[in-house]
Amino acid sequence: MARVAVTVPASAKRGEVIEIKTLAAHVMETGFRRTQTGELLPRDIITDFVCTYNGVEVFRAELHQAVAANPLIAFTTVATESGTLEFKWTGDNGYVATHKAELKIV
Amino acid sequence: MRAAALFLAAFCACTQAGEIPLAERRSGYEFMGRETRAMQDDDTTNPALFALLDGETLWNRADGAAGRACAACHGDAAQSMKGVAARYPAIVGAKPLNLEQRINACRVEKQRAAAFAYESKELLALTAYVARQSRGLPIAIEANDTTRPFIDAGRALYERRQGQLNLACSQCHDDNWGRSLAGTPIPQAHPTGYPIYRLEWQAMGSLERRLRNCMIGARAEPYAYGSPEMVELELYLMWRARGMKLETPAVRP
Amino acid sequence: MTTRRQFLALACGTLAASELRAQLDPNIQAKRKAALDAAISKVVGDAPVRAGRVKLDVPPLIDNGNTVPITVTVDSPMTAASYVKAIHIFTEKNPQPYVITAHLGPRAGRATLSTRARIADTGRVIAIAQLSDGSYWSDTVSVIVTLSACLEDGLI
């Protein structure tokens, strides 16, 4: 199962900078490791992460093999309006994970 | 490798401290760097959180021929499982069972489902979820007439030299804790946070996996998962850590 | 004309030879530097990279190189007129030096990125920020990676 965990405050003041912490359950297999019998384990990583805020991209990342297993990506955004933050991870072998979080301006 | 062995032999010959006094016991947490401790402390980014989420799902999922979930009998784990992990391994019938074995016994007998394999994602997740309910509680293993023979057997294994390096667990973890081995600090080997997310594994793992890791490191043939020796060793280690607080899910390097 | 058999023999031979070279390369340091330089120039092109404005937080002594917490913050007002466009992280000793690139803009409010990286060995970690005016700034930190004392069976 494509598990992800996202921490976003439920509400914020308009103009407040909010911190967003994201974690995705993924082995991030580098493609450099071998089994005990010497077979190379093929690369299997998350390559892209995007966060949109009411449909507008506010953050994007490109990941490589050196990002640790179960990748953590934490960043900030300005709370501009009430709405939905959408998160999408994509990677090798058709990996896709998504998450939505509601943010309310108070 | 030979240099390492010679180094170890010389290093272990130099001190003989014996059992650690109760007041001087320290969790492996205290031997970690600030950043690794922070990783354990933040519930929202502790990499073990996925195991807890999976464990919760398994707890509530009907399974086996009986079609029952753990929750169907035990209800809310936060209530029913509170303090349970602090008492394991526990004597069930005539022998000690560790938490993983207890969970699997429940699966086989009550859910009539197949036992989860050792170190499977499922068994680690369910064990972590159950043990999480005891976080912050003191380890409560008592030495009494029932447990003492098994604790003593575990202690004998802990103090017995083994493997090509001819090392006993106690030589590192009683006699030389706090010193360094290949640049990393030697902890006191208290099983306060299992199952753990170990950075070296980049995954969750059980106390038995950690013990096997040490045995392989000493070039010894490790005991099989679930073997009586393993469980006795676990029981001794938990008794040795009695009163210390459970941290599950801990992060360790 | 090359037969299928000849081609396979040739391909295997070349592969085996290159693998051996990869393991025994006496020039590994130069190769790593070249790989790092190549990865960085792929991102910055010919533009100069100046030290400053960027703060790279990474523990100087790393418990385990598999999961190293890294935070990069850049000194920027993050307004529509002046902001950080991207933050890039590289390591010196990894087989592949590129760790991550984050694209941000004025809507981030603050120019900061936290992640966890794999760092294979003691060496430098480099963070580069690309600003909206086209300039590049960086911070470099040397870290010591401690390795697990005992090996385990399993993956190599």
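The values are calculated or read from the model by the stated rules, or taken from the named source; none is laboratory data. Only a predicted model underlies this, so the values are computations on that prediction, with no experimental measurement involved. Counting neighbours? That spans all protein chains shown, and the Cβs are built from the backbone with ideal geometry, glycine included.
For the stretch A:6-28, a residue qualifies if it is over 18 Å from A:Ala68 (Cβ atoms) and touching a residue at least 60 places away in the same chain (Cβ under 8 Å), and the qualifying residues are A:Val8, A:Pro9, A:Ala10, A:Ser11, A:Ala12, A:Lys13, A:Arg14, A:Gly15, A:Glu16, A:Val17, A:Ile18, A:Ile20. Screening the stretch B:169-253 for helices (runs of 4 or more DSSP H) wholly inside it with 1 or more residues that are more than 21 Å from B:Ala90 (Cα to Cα) and more than 12 Å from chain C (Cβ to nearest Cβ) returns the ranges B:169-173. Could you go through the stretch C:16-27 and let me know if any residue there is acidic (Asp, Glu), at pLDDT below 95, at negative phi and not in a loop (DSSP other than H, G, I, E, B). Checked the stretch C:16-27: at least one residue is acidic (Asp, Glu), at pLDDT below 95, at negative phi and not in a loop (DSSP other than H, G, I, E, B). Cβ-Cβ distances below 6 Å connect the following pairs, each with a first residue in the stretch A:29-44 that is more than 16 Å from B:Gln202 (Cα to Cα), a second residue that is not small (Gly, Ala, Ser), and a separation of six or more residues or different chains: A:Leu40/A:Arg34. For the structure I just gave you, tell me whether A:Phe59 is at the interface with chain C (Cβ under 8 Å from one of its Cβ atoms) and among the aromatic types (Phe, Trp, Tyr). In short, yes. Considering only residues in the stretch A:17-29 that are crowded, with 16+ Cβ neighbours inside 10 Å and out of contact with any Ser or Thr (no Cβ under 7 Å at 6 or more places or on another chain), the one that is nearest to the other protein chains (Cβ to nearest Cβ) turns out to be A:Ala25. Considering the stretch C:82-99, and only residues there that are within 18 Å of A:Phe49 (Cβ to Cβ) and crowded, with 24+ Cβ neighbours inside 10 Å, the residue that is nearest to the other protein chains (Cβ to nearest Cβ) turns out to be C:Val99.
Contact map, the stretch A:84-106: first residue surrounded by 12 or more Cβ atoms within 10 Å (Cβ to Cβ), second residue modelled with pLDDT under 95 and of a type outside the set (D, E, K, R), Cβ cut-off under 6 Å, separation 6 or more or different chains; pairs are A:Ala97/A:Ala2.
Among the residues of the stretch C:107-121, those identified as more than 16 Å from A:Ile46 (Cα to Cα) and facing chain A (nearest Cβ under 7 Å) are C:Arg107, C:Ala108, C:Gly109, C:Arg110, C:Thr112, C:Leu113, C:Ser114. Exactly one residue out of C:Thr140, C:Thr71, C:Thr115 is of a type in the set (S, T, N, Q), part of a strand (DSSP E or B) and crowded, with 20+ Cβ neighbours inside 10 Å, and it is C:Thr115. For A:Thr76, the requirement of being at pLDDT below 95 and within 11 Å of chain C (Cβ to nearest Cβ) is not met.
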